[in-house]
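The values are calculated or read from the model by the stated rules, or taken from the named source; none is laboratory data. Only a predicted model underlies this, so the values are computations on that prediction, with no experimental measurement involved. FYI the Cβ positions are ideal-geometry reconstructions off the backbone, even for glycines, and counts take in every protein chain you see.
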């Protein structure tokens, strides 16, 4: 399994992303609950890039590559832009999110709790975020 | 796709959610809650039986009202969440912070 998706920077594309991921995950042993969570985590990273790094400019795009090495599903999300280092992001305290009536800040928290490993690398123009989810092969 | 119906009962309103809430349409959920509040209604049920997906954008909408609801004694109860969607609330501990019930009957009881 090695599948790529080019995702244009428009939040209307997120439904398309979910369909793509759903069909990829059907090939794995993940349960319905786990599949939804993995889709959610990948979407959160992509939505974050679309909205914050690319300001919903539909002429720009990010690239998603899905791989299964037998032990892990690997979601590689590549973009050319400002870059967002998910590893350096400080999780907000959930009670602060409520007090501040913030509507954001929860997405990265979800990603970190759902995925088993996260990597980030950037050379200044090209940024790569890799999300790993452990699986048992079918 | 997200479809929201606002159903008025004698003592409360029900927002019936159908489809998926993500960053592209969470403003619709926000608008629906706000319009119920604008009608002066302080008891709200959210029928989530046909909600297939929610991302942080949608969860954030619910969370952004928690404080205001507490201050003004407004009650919002979600019921009928599918297990896969409920587990997303659990990851963030929102099941402890929000009123979530299995059935409509329990949710109506919680509104009292």
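When residue A:52 is tested against (1) within 13 Å of chain B (Cβ to nearest Cβ); (2) loosely packed, with under 15 Cβ neighbours inside 10 Å; (3) farther than 21 Å from residue A:105 by Cβ, exactly one condition is not met: (3). Scanning the stretch B:5-24 for any residue that is modelled with pLDDT under 95, under 23 Å from residue A:15 (Cα atoms) and surrounded by fewer than 14 Cβ atoms within 10 Å (Cβ to Cβ) turns up nothing.
Going through the stretch A:1-19 one residue at a time, which ones are away from chain B (no Cβ under 14 Å) and buried (at least 17 other Cβ atoms within 10 Å of the Cβ)? Hit for the stretch A:1-19 is A:5, nothing else. Taking the stretch B:94-112 as the range and being over 20 Å from residue A:32 (Cα atoms), within 14 Å of another protein chain (Cβ to nearest Cβ) and surrounded by fewer than 18 Cβ atoms within 10 Å (Cβ to Cβ) as the test, the residues that pass are B:96, B:97.
For the stretch A:26-138, the helices (runs of 4 or more DSSP H) that sit wholly inside it and include 1 or more residues that are within 27 Å of residue B:90 (Cβ to Cβ) and within 16 Å of the chain's Cα centre (by Cα) are A:32-48, A:107-114.
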